[in-house]
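No lab work stands behind these numbers, since they all come straight from the coordinates. Given the structure is predicted, the values throughout are model-derived calculations rather than measurements. Reconstructed Cβ throughout: ideal geometry from the backbone, glycine too, with neighbour counts over all protein chains shown.
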């Protein structure tokens with residue numbers, strides 16, 4: 001695969017923007033586009049450095065202040081973000097070295113198409129092979145993505161109406177809000193194969209999640225543990241948030257992004273309503289900082305003397321840009337301006353690392369799992385991924 005003509009970038013940009021509609025009253029700021037162009041060029045340089053320090057048989061995961069790079073096996077849930085980011089950066093810069101590195105990483109990731117022990121195959125395979133397929137379609141990629149969708153669907157329990165998240169711990173049938181992000185792979189599978197079973201699984205999972213994950217203020221629990229025998233709710237808990245009843249920031253962003261995708265894929269207005277309600281929970285929250293990059297949990301009692309989560313900000317920004325295309329005029333402007341503010345903040349030295357620092361990662365100040373004291377105030381691959389995606393979505397909206 002050595003074709004790098006400009007015509008290959010057209011379907012890739014369509015993939016990037018989802019089904020963002022042609023009519024748009026929100027026009028990107030020209031100076032901010034220049035800022036993002038510079039940021040994307042800097043990101044490409046960072047990822048070339050990250051490539052140079054990452055062993056060829058693993059994926060980068062995070063980097064600690066002790067100058068230690070932490071990597072993961074391809075079976076870890078974040079394994080698709082590094083190659084996915086490389087494909088995005090190739091689109092932005094036309095640098096074939098980035099593309100070639102991404103292709104080399106796909107080779108070690110390919111085997112995960114048969115991994116039935118994780119609910120995160122959307123993250124792992126669609127962010128990587130899906131991005132690759134959008135740049136240069138390959139029947140092999142189609143096959144890998146279909147096998148991934150088949151593997152993911154084995155985790156669906158029709159009695160519960162959800163895809164099971166974890167097989168570890170004392171949980172009976174845990175489902176986490178993050179799982180909304182893996183449904184896009186299933187919609188792709190139905191569109192590609194014509195088999196509606198994948199579509200039905202995604203819709204059923206999303207409907208069950210609306211029913212049980214969401215509170216009256218449209219914040220989300222992190223984990224709902226079901227009784228797999230009758231589908232009843234066993235417990236409503238958290239794993240990575242401050243408390244069971246708190247609003248873990250990244251979880252709120254996952255839900256926002258997930259229900260925006262649900263509306264894109266189905267055009268069912270109940271998902272648009274849900275996405276709008278989640279967006280307003282985030283944007284209107286009294287503890288959302290002025291730069292709109294949230295604290296790691298909206299309810300942690302030590303605000304403001306606590307950690308920000310750039311990953312939650314980048315995910316929300318990318319989602320809000322797409323949601324702005326589907327919302328009414330008032331909300332559309334609000335979502336667009338909020339996303340613009342988040343991406344602007346993330347592009348400052350407060351969050352963006354200097355060249356050659358941060359282990360080659362782009363963004364600083366994300367939080368992975370605060371209760372476990374794991375990945376606290378560090379760079380994370382998915383923060384970078386959705387930051388890159390958000391900037392590229394913003395640029396793609398020009399004159400639309």
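Indicate the gyration tensor shape class of the range 220-341 (rounded, prolate or oblate), computed on the Cα atoms with a ≥ b ≥ c the square roots of the eigenvalues: a/c under 1.5 is rounded; otherwise a/b larger than b/c is prolate and the rest oblate. Could the numbers behind the result be given before it?
Details: a/c = 2.46, a/b = 1.11, b/c = 2.22.
Taking the square roots of the gyration eigenvalues as a ≥ b ≥ c, the range 220-341 is oblate.
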Estimated inter-spin distance, residue 306 and residue 232, nm [label 7 Å along Cα→Cβ]: 3.3
GNM flexibility winner over the chain from 225, 384, 195 (Cα, springs under 10 Å): 195
Mean residue ellipticity (222 nm) of the chain, computed from DSSP H runs ≥ 4 via -39,500 (n - 2.57), nearest 500: -15500 deg cm²/dmol
Chain lengthening between residue 33 and residue 97 when straightened (0.36 nm per residue, less Cα-Cα): 20.7 nm
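Can you tell me the order of 390-396, 67-73 when each peptide is scored by its average per-residue count of other Cβ atoms within 10 angstrom, highest first?
Numbers: 390-396: 22.6, 67-73: 12.9.
Peptide ranking by packing, descending: 390-396, 67-73.
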Most mobile of 205, 222, 280 in a GNM of the chain (Cα contacts under 10 Å): 280
Options (i) 46; (ii) 34; (iii) 40 - which one matches percent of Cα pairs over 30 Å apart as calculated here: (ii)
Pairwise FRET efficiency - residue 330 versus residue 107, Cβ, R0 = 45 Å, nearest 0.05: 0.40
Rounded Å value of the spacing that divides the Cα centres of the range 52-87 and the range 316-342: 31
Candidates 118, 381, 306: whichever shows maximal mean-square fluctuation once the chain is modelled as a Gaussian network with Cα springs under 10 Å: 306
Cα gyration tensor, the range 172-223 - rounded (a/c under 1.5), prolate or oblate: prolate
Distance (nanometres) between label positions extended 7 Å along Cα→Cβ at residue 140 and residue 52: 2.9
Cα→Cβ-extended label distance, 7 Å offset, between residue 244 and residue 114, nm: 4.1
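Given the peptides 50-61, 238-249, 256-267, arrange them by the average over their residues of other C-beta atoms within 10 Å, most packed first. Spell out each step's value before the answer.
On the way: 50-61: 17.1, 238-249: 21.4, 256-267: 23.7.
By packing density, highest mean first, the sequence is 256-267, 238-249, 50-61.
For a protection proxy built on the mean count of beta-carbon atoms within 10 angstrom, sort 314-323, 281-290, 90-99 highest first, please.
Values: 314-323: 29.9, 281-290: 15.0, 90-99: 19.1.
Ranked by mean Cβ neighbours within 10 Å, highest first: 314-323, 90-99, 281-290.
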